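The values are calculated or read from the model by the stated rules, or taken from the named source; none is laboratory data. All of these numbers come straight from a predicted model, not from anything done at the bench. Note: ideal-geometry Cβ built from the backbone for every residue, glycine included; neighbour counts use all protein chains shown.
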Amino acid sequence: MIKRIIFVGIFVSVLSVVQIHLPAAQAQAEPARLGNLEFINSGATKAQADFIDGVLYLHSFEYAPARAAFQRAQKIDPSFAMAYWGEAMTYHHALWARQWPENGQAALMKLGATQEEREQNTPTRREQGFIRAAETVFGMTEAARGRTKLERDVLYRNQMRQLYESYLDDPEIAAFYGLSILGVGSANRDYATYIRAAAVIMPVWDANRSHPGAAHYLIHSLDDPVHAILGLPMANAYIKIAPDAAHAQHMTSHIYTALGFWDDVVAANLRGFTVESAKTTDTEVMSKEESHYTYWLHYARLQQGRWADAEILLGKLRGRLNDNPTGRERSYYGAMLARYMFDTEDWHAFDTWSAPEGVVVPTVHYNFARTFAAIKRGDIKAAKQFYKEIHAGGEGDPEIIIRQEEVDILRLELDAMFALAKGKNKSVEALMRKAHTSAQTMPFKYGQPRLAKPSGELLGDVLLELGKTEMAAQAYKDELANSQRRTNSLLGLARAAAAHGDQRMSEEAYRELGDIWHNADTSLPMLDEVRDVIGHD
């Protein structure tokens, strides 16, 4: 049994210490720059630097270094209850829908084999609350045992709410409670849930503008086109708060993507690459996080009109497909190729960029794009065959796994394209309006448009082709409300507005494109079109 702290004078002095991020050893290398926070606890003074490092890493979802830091704290102080809590929580990835209950349980059981023993070895009621919540999320309590992950997540959130209500002025409890709200709501995002989380976390941010969790979780709470502008101060600050956390650097691009700040999206993910790549000397290996950053960077490069750079990224990930690729890598590749094809409107892209023979790409985006391209090329037979391979689900990150409701929208889009190829214009518009209406009812998630060819944009393309220019302009505007500063939608709006005589709207759209493409490839096909309207300034 771990010995409890019983000397009241020592115990009070430890609890009264304001814990901040300090070097573990002044004579050693500079500590990682991860932010600053206070976390009053009953651990030994010598173990505090490592414990705080662990919490800071945990707030930035840097789970492996967080785990190592908590284990160092345990080694220094084997009676440090919260160090075992911290290690356990590195196995609960709330917003990534991943959890390893057995590992989390094993970490907690180092504190004590039973709930009673763990409670006995945890000195304060506040810390006991943290431990009980962790036991709940890993199914170790009577109420949580045998429950599904989502059910345990709900019980955990409720447990954290009780702890929060008991310690309303505790910033760490507030931050982790806010995260628990987001964790439950991440499966089916709705504004009310996310704003509720923001309301809990905002006081932490107001009290400490260097708190990584406050900045990080508020970005998650606000990373949609409606609320992203409110998250811009947190995104700009998080860059400086945690420069040595790769995920923190990438995470800022959630806000920048929602606002269409493509240069900032590129910079954020390049910083993420730099920090992430420093973790290994093996330049041939792409880490799990690097493939994630590649996906976001690739989309931003397309929007910037830096198609040559986008091709380099596509080629890098395609190279991984020849060397025992993970499902995540194959899925990202399929989504990237689909976005590349639609943004460049290169209907022969699959001639160059198809996955190597024998490599299965488990993402809907890939087969949807192949079908669409075949229709555009007039190869209806191939299109019908590819169409049969479009199914919900697949492997990879939740941001690219398409649900059945979304597949239904994609099928409507393709049905409309088949109808257009046959000259059935009335059917085309009806099918696309149905697809667009369905897409507008779907909850916004985050990041890039969920569909590789957004329905509002495709509706605009179809209406423009049918000569219904004013309605086309409205469809593009609808899409731009969700996909801010998306260049294909802006270009469609500029063309549609010009065609129906709204020169002011057309010129505004062209000027915005000129701003976005200020450093585009000189070979970008649409540059001359933009310059003809706004000049070469």
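Just a few scattered comments:
- Among the numbered conditions (1) in a helix (DSSP H, G or I); (2) at pLDDT 95 or above; (3) surrounded by fewer than 24 Cβ atoms within 10 Å (Cβ to Cβ), the only one that PHE39 does not meet is (1).
- Within the stretch 315-353, the set of residues being outside any helix (DSSP H, G or I), modelled with pLDDT of 95 or more and touching a Phe, Trp or Tyr at 6+ places or on another chain (Cβ under 9 Å) comprises ASP346, TRP347.
- Qualifying position, being touching a residue at least 24 places away in the same chain (Cβ under 8 Å), over 24 Å from ASN36 (Cβ atoms) and among the hydrophobic types (A, V, I, L, M, F, W, C), among LEU150, LEU182, LEU155: LEU150
- Residues that are more than 21 Å from the chain's Cα centre (by Cα) and hydrophobic (A, V, I, L, M, F, W, C) within the stretch 423-457 comprise VAL428, ALA430, LEU431, MET432, ALA435, listed in sequence order.
- When GLY423 is tested against (1) small (Gly, Ala, Ser); (2) at pLDDT 95 or above; (3) over 28 Å from HIS250 (Cα atoms), only condition (2) is not met.
- Extreme residue, nearest to ASP309 (Cα to Cα), among residues of the stretch 490-503 that are in contact with a Ser or Thr (Cβ under 6 Å, 6 or more places away or on another chain) and assigned to a helix (DSSP H, G or I): ALA494
- In the set ALA430, ALA481, ALA419, ALA435, only one residue is among the small types (Gly, Ala, Ser) and buried (at least 21 other Cβ atoms within 10 Å of the Cβ); that residue is ALA435.
For every residue, the table says whether it meets (1) surrounded by fewer than 17 Cβ atoms within 10 Å (Cβ to Cβ); (2) in a helix (DSSP H, G or I).
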{"residue": "MET505", "(1), (2)": "no, yes"}
{"residue": "GLU508", "(1), (2)": "yes, yes"}
{"residue": "ASN519", "(1), (2)": "yes, no"}
{"residue": "PRO525", "(1), (2)": "yes, no"}
{"residue": "GLU529", "(1), (2)": "yes, yes"}
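- Residue within the stretch 374-385 that is over 25 Å from ARG328 (Cα atoms) and assigned to a loop (DSSP other than H, G, I, E, B) present: yes
- Contact map, the stretch 236-257: first residue farther than 15 Å from LEU56 by Cβ, second residue hydroxyl-bearing (Ser, Thr, Tyr) and part of a helix (DSSP H, G or I), Cβ cut-off under 8 Å, separation 6 or more or different chains; pairs are ASN236/THR252; ILE239/THR252; HIS250/TYR293; THR252/TYR238; THR257/TYR299.
- The residues of the stretch 396-407 that are in contact with a helix residue (DSSP H, G or I) (Cβ under 7 Å, 6 or more places away or on another chain) and surrounded by fewer than 18 Cβ atoms within 10 Å (Cβ to Cβ) amount to a single one, VAL407.
- Selection of the stretch 213-265 for residues being assigned to a loop (DSSP other than H, G, I, E, B), at pLDDT 95 or above and within 13 Å of TYR446 (Cα to Cα) yields only GLY260.
- Here GLY460, GLY447, GLY456 are screened, and the one residue that is in contact (Cβ under 8 Å) with a residue 60 or more places away in the chain and either assigned by TED's automatic domain parsing to the domain that holds ALA430 or in a helix (DSSP H, G or I) (or both) is GLY447.
- Check on ALA338, among the aliphatic types (A, V, I, L, M), in contact with a helix residue (DSSP H, G or I) (Cβ under 6 Å, 6 or more places away or on another chain) and either outside the structural domain of PRO362 (by TED's automatic domain parsing) or under 19 Å from VAL360 (Cβ atoms) (or both): yes
- Yes/no for GLU470 being under 20 Å from ALA369 (Cα atoms) and among the charged types (D, E, K, R): no
- Test: residue in the stretch 97-120 that is acidic (Asp, Glu) and either in a loop (DSSP other than H, G, I, E, B) or touching a strand residue (DSSP E or B) at 6+ places or on another chain (Cβ under 7 Å) (or both): no
- Top-ranked residue of the stretch 73-116 - restricted to ones that are among the acidic types (Asp, Glu) and under 30 Å from ALA197 (Cα atoms), ranked as surrounded by the fewest Cβ atoms within 10 Å (Cβ to Cβ): GLU102
- Residues of the stretch 67-96 that are part of a loop (DSSP other than H, G, I, E, B) and either touching a residue at least 60 places away in the same chain (Cβ under 8 Å) or on the phi > 0 side of the Ramachandran plot (or both): PRO78, SER79.
- Some residue of the stretch 352-362 being among the hydroxyl-bearing types (Ser, Thr, Tyr) and under 20 Å from the mean Cα position of the chain (by Cα): no
- Lone qualifier among LEU168, LEU182, LEU163, LEU150 - being out of contact with any Phe, Trp or Tyr (no Cβ under 6 Å at 6 or more places or on another chain), of a type in the set (A, V, I, L, M, F, W, C), surrounded by fewer than 18 Cβ atoms within 10 Å (Cβ to Cβ) and assigned to a helix (DSSP H, G or I): LEU150
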